[in-house]
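Have a look at the structure below before the remarks.
The values are calculated or read from the model by the stated rules, or taken from the named source; none is laboratory data. For clarity, every value in this text was computed on a predicted model and none was experimentally measured. Note that each Cβ is placed from the backbone with ideal geometry, even for glycine, and that neighbours are counted across all protein chains shown. Ligands, DNA and RNA are excluded from the accessible area calculation, which covers all protein heavy atoms including side chains. Shrake-Rupley method; radii C 1.70, N 1.55, O 1.52, S 1.80 Å.
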Amino acid sequence: MQPDWFEALNDADTDKNSTKKRVSKSLLLSKSLLEQCVEAHKNSENLQDSSFFIPLLGGHCESERTRWSKAVAGTLNSYERFGGFSLLGMHTNGSTAETLAPKLISSLTKSSLDPLPSEYPRQSFGAWNPLAILSLTKLGVDIFDSAFPFLVTERKAALKFPVSLDSESDETPVNDSLTHQSKKLKTENAPEISNGQELSEEIVSNEGENPREDNIISPFEMSLKDESNFSVTEPILVGCQCYTCKNFTRSYIHHLVNVNELLAPVLLMIHNLHHWTKFFESIRSAIKTGRLTDLEIKIQSYILDIYP
Amino acid sequence: MATTTSLASGASSVITSSSSSPALTFKILAECSISKARTSIMKLPHYTVELPMFMPVGTQGTMKGLLPEQVKEANAQIILGNTYHLGTRPGKDLLNKFQSLHNFMQWDRAILTDSGGFQMVSLLELAEITEEGVKFRSPYDGSECMLTPEESIEIQNAIGGDIMMQLDDVVDVREKEYERFKIATYRTTRWLDRCMKANKNPDMQNLFPIIQGGLFPDLRKISLEELTARNAPGYAIGGLSGGEEKDKFWPVVHLCTNHLPKNKPRYCMGVGFAVDLVVCCALGVDMFDCVFPTRTARFGCALVDNGQINLKAREFANDFQPIDDKCDCTTCQNYTRSYLNTIVTKETVACHLLSIHNIAYQMRLMRNIRESIKEGRFVEFVQDFMETYYRDQAYPQWVIDALAAVNITLNS
């Protein structure tokens, strides 16, 4: 495959429910795997132009994550073609990532990153929601993936949260989203919302192993399954320049969802990826202009408008 | 029966080679001097379609996973929508709100809608045909419903297709009872009259009658006489492609095209296999529809000049050729058989890629037919096509017979 970079093989099969024993085992195994990968990489002709990323592990245990990262820090000088870090072990993909509280993700990430030099790229894959992405960005994470828009598409929904600081065409929540408010995510400790930080905990579910049913959606999206879309002649997001929004109405997409047609996820994914890409453009622009916090507040206010 | 007309020769044939209706203009461009094949253009409100033409089926207002752009890129000019499905969901009221299916699904070329009758009889339990219409039980709440000719046209008016099909009394072609076919023949005529009366949009939407009569020549002749007397813009040959043997199928098509007016389009419903398309063109048919190309794509099969290949097969795991190196579709321009082999039946994108190719294949076949007629080499085209399709010249008897009936002899 000759990738530009790859992750060293590891045991990151840990999540918030993993025991200390499981976490320790994962570290032990991963250490051995890392050494073998580095060796194999050195001897591989085809991978001469590929760099490898070192996994940052330790499950949900901050002390273990710190311990692992400190050990890694000590060995960095011995590696050739080492390219960056990959934050792992906090979730096992899918919705298990989506339902973690941004605060929790941040503290785990911080414990992994603090012992390490900052001049290497860091990737953190998983279906982090937009506020989690912003928290991780503030900690210096550089690379994310499209798992979140993918999950949104899978549940027949479309991203609507504001992605730009400057655009006036940002959609404010439409009233007909009231119909799915009753399906909002539950939290374990349900504090009153008094400021942004607690807000991000509010939108987290702690439903155990199967965090999300099909008809539960996040406040960042709208469901096209909803009957309220039946005769709506507007696109998913007025002003959105993606192919789907420039050509199709919510009514048509709802029809496709309703009759289970293959074109539904195609159109939704086009919109969701477009929206996600625009989000990241905004993040980069906001960092350059020192307005990342403004972007975060804008999205938080949007959520508050939906769940007042 | 064969008349010689070519682009070079004269205006003398103009009178019998074209026709004009409020919503349809038909003009023959060239005819084969040996068989009954002809190539023409059919101007419809949304698009001018080149004939002979194959219509891919986009049942529920979408071509299974393809963007309208992709369907156009594969050179489709007219697609088929199903009245039963669309009348149920999203329903005629919503389609009226959007003015037409064209607008709803963003397809700006031509659309043909079937009447809904066939779907109901084949999909629904307890569908019973009475003089009033098709009585059935709603699959949603079990209540008794009725699809009348009037209701079928009302839904089709809402869909806004360039061509609508009459509600016909469809009998399973394998039915043995002559009487049943006789009833269906006459009832279809009465239902045509009711459909014509119910059409609120004759200036923008054509209504095609459907010739019935099963496999009985006398009944077919009655149907032909009665329906052509209504002076419709075009006609369909119905009641075939229901599993009858091919040697019973082609004589009926041949009989019908002999009696249908030359200067109007002829549509043989449910035909889509390449060999059938070529033979029917030789017999003088202009329009076809079939779910086969898009359906077989979803099973991992791609259409090629000698049939189809199933890309699941192990032999393609290391085959780095495109499906067809002569094909200019986006799938063949970008992907290998090997790649397709890894994703068929596993990733939905495989359905899309194969659907694009299969639609493009059908379009290319039709274009080759049209070009060969224009260039006066249709007979050679048929001979070459059959030789490629049937290795060792093992032509089925029905193909030999059907082509012989229009003076085409295959290579041996």
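Do we have B:THR296 as over 29 Å from B:LYS43 (Cβ atoms) and within 17 Å of the chain's Cα centre (by Cα) here? It is true that B:THR296 is over 29 Å from B:LYS43 (Cβ atoms) and within 17 Å of the chain's Cα centre (by Cα). Considering only region B:172-189, I want to know if a residue exists there that is in contact (Cβ under 8 Å) with a residue 60 or more places away in the chain, away from every other protein chain (no Cβ under 14 Å) and open to solvent by less than 60 Å² (accessible area, probe 1.4 Å). Checked region B:172-189: at least one residue is in contact (Cβ under 8 Å) with a residue 60 or more places away in the chain, away from every other protein chain (no Cβ under 14 Å) and open to solvent by less than 60 Å² (accessible area, probe 1.4 Å).
Just to be sure, is A:SER135 open to solvent by less than 50 Å² (accessible area, probe 1.4 Å) and more than 13 Å from the chain's Cα centre (by Cα)? Against the criterion (open to solvent by less than 50 Å² (accessible area, probe 1.4 Å) and more than 13 Å from the chain's Cα centre (by Cα)), A:SER135 does not qualify.
Can you say whether A:LYS246 is without any contact (Cβ under 8 Å) to a residue 60 or more places away in the chain and under 21 Å from B:LEU67 (Cα atoms), as far as the supplied structure shows? Step through it out loud before you land on a result.
Details: without any contact (Cβ under 8 Å) to a residue 60 or more places away in the chain: yes; under 21 Å from B:LEU67 (Cα atoms): yes.
Criteria met by A:LYS246.
Run down B:GLY87, B:GLY61, B:GLY81 and say which single residue is in contact with a helix residue (DSSP H, G or I) (Cβ under 9 Å, 6 or more places away or on another chain) and surrounded by fewer than 24 Cβ atoms within 10 Å (Cβ to Cβ). Within the list B:GLY87, B:GLY61, B:GLY81, the selection yields B:GLY87. Considering (1) open to solvent by less than 20 Å² (accessible area, probe 1.4 Å); (2) modelled with pLDDT under 50, the lone condition that A:LYS184 does not fulfil carries the number (1). Of the residues examined, B:VAL304 is not one that is at pLDDT 95 or above and out of contact with any helix residue (DSSP H, G or I) (no Cβ under 8 Å at 6 or more places or on another chain). Among all positions in region A:94-117, there is no residue which is without any contact (Cβ under 8 Å) to a residue 24 or more places away in the chain and in the same structural domain as A:LYS138 (by TED's automatic domain parsing). Scanning region A:39-55 for residues that are out of contact with any Gly (no Cβ under 9 Å at 6 or more places or on another chain) and surrounded by 19 or more Cβ atoms within 10 Å (Cβ to Cβ) yields a single hit, A:HIS41.
One residue is enough: does region B:315-322 have a residue meeting the conditions small (Gly, Ala, Ser) and in a helix (DSSP H, G or I)?
Taking region B:315-322 and keeping what is small (Gly, Ala, Ser), we get B:317.
From what is left, the residues that are in a helix (DSSP H, G or I) are none.
No, there is no match, as no residue in region B:315-322 is small (Gly, Ala, Ser) and in a helix (DSSP H, G or I).
Selection over region A:225-236 of residues that are of a type outside the set (A, V, I, L, M), within 12 Å of chain B (Cβ to nearest Cβ) and part of a loop (DSSP other than H, G, I, E, B) gives a count of 4. Only residues that are open to solvent by less than 30 Å² (accessible area, probe 1.4 Å), of a type outside the set (A, V, I, L, M) and under 21 Å from B:GLU73 (Cβ atoms) were counted in region B:365-384, giving 1.
Quick one: in region B:25-80, of everything that is among the aliphatic types (A, V, I, L, M) and assigned to a loop (DSSP other than H, G, I, E, B), which residue is nearest to the other protein chains (Cβ to nearest Cβ)? Break it down into steps so the answer makes sense when it comes.
Here is the first cut: in region B:25-80, the residues among the aliphatic types (A, V, I, L, M) are B:28-30, B:34, B:37, B:41-42, B:44, B:49, B:51, B:53, B:55, B:57, B:63, B:66-67, B:71, B:74, B:76, B:78-80.
Restricting the remaining residues to those that are assigned to a loop (DSSP other than H, G, I, E, B) gives B:34, B:37, B:44, B:67, B:74, B:76.
Details: B:ILE34: 44, B:ALA37: 36, B:LEU44: 22, B:LEU67: 7, B:ALA74: 15, B:ALA76: 15 Å.
Taking the candidates together, the pick is B:LEU67.
Scan region A:127-167 for residues that are in a helix (DSSP H, G or I) and not aliphatic (A, V, I, L, M) and jot them down. Working first, answer last.
Looking only at region A:127-167, we keep the residues that are in a helix (DSSP H, G or I), and these are A:130-138, A:147-154.
Residues satisfying the conditions are A:PRO130, A:SER135, A:THR137, A:LYS138, A:PHE148, A:PRO149, A:PHE150, A:THR153, A:GLU154.
Whether a residue is more than 10 Å from every other protein chain (Cβ to nearest Cβ) and in contact with an Asp or Glu (Cβ under 6 Å, 6 or more places away or on another chain) was assessed, and A:LEU273 does not pass this test.
Selection of region B:325-364 for residues being open to solvent by 60 Å² or more (accessible area, probe 1.4 Å), assigned to a helix (DSSP H, G or I) and either modelled with pLDDT of 95 or more or among the aromatic types (Phe, Trp, Tyr) (or both) yields B:GLN333, B:ASN334, B:TYR339, B:THR342.
Any chance region B:246-259 includes a residue that's outside any helix (DSSP H, G or I) and not aromatic (Phe, Trp, Tyr)? Please lay out each step first, then the result.
Narrowing region B:246-259 to residues outside any helix (DSSP H, G or I): none.
No, region B:246-259 contains no residue that is outside any helix (DSSP H, G or I) and not aromatic (Phe, Trp, Tyr).
The listed residues are B:ARG295, B:ARG230, and the only one of them that is in a loop (DSSP other than H, G, I, E, B), of a type in the set (Lys, Arg) and open to solvent by 30 Å² or more (accessible area, probe 1.4 Å) turns out to be B:ARG230. If you go through region A:93-118 and pick out every residue that is open to solvent by 40 Å² or more (accessible area, probe 1.4 Å) and at pLDDT below 90, you end up with 1.
Tell me whether region B:216-227 contains one or more residues that are out of contact with any His (no Cβ under 8 Å at 6 or more places or on another chain) and outside any helix (DSSP H, G or I). Yes; the residues of region B:216-227 include at least one that is out of contact with any His (no Cβ under 8 Å at 6 or more places or on another chain) and outside any helix (DSSP H, G or I).
Determine which member of the set B:LYS200, B:LYS221, B:LYS248 is surrounded by fewer than 22 Cβ atoms within 10 Å (Cβ to Cβ) and more than 20 Å from B:ALA184 (Cα to Cα).
Values: B:LYS221 fails: more than 20 Å from B:ALA184 (Cα to Cα); B:LYS248 fails: more than 20 Å from B:ALA184 (Cα to Cα).
It is B:LYS200.
Residues in region A:232-248 that are crowded, with 21+ Cβ neighbours inside 10 Å and among the β-branched types (Val, Ile, Thr): A:ILE236, A:THR244. Test A:ASN258 against the stated conditions and say whether it is in contact (Cβ under 8 Å) with a residue 12 or more places away in the chain, touching a Pro at 6+ places or on another chain (Cβ under 9 Å), open to solvent by less than 10 Å² (accessible area, probe 1.4 Å) and not aliphatic (A, V, I, L, M). Judged against the criteria, A:ASN258 is not a match.
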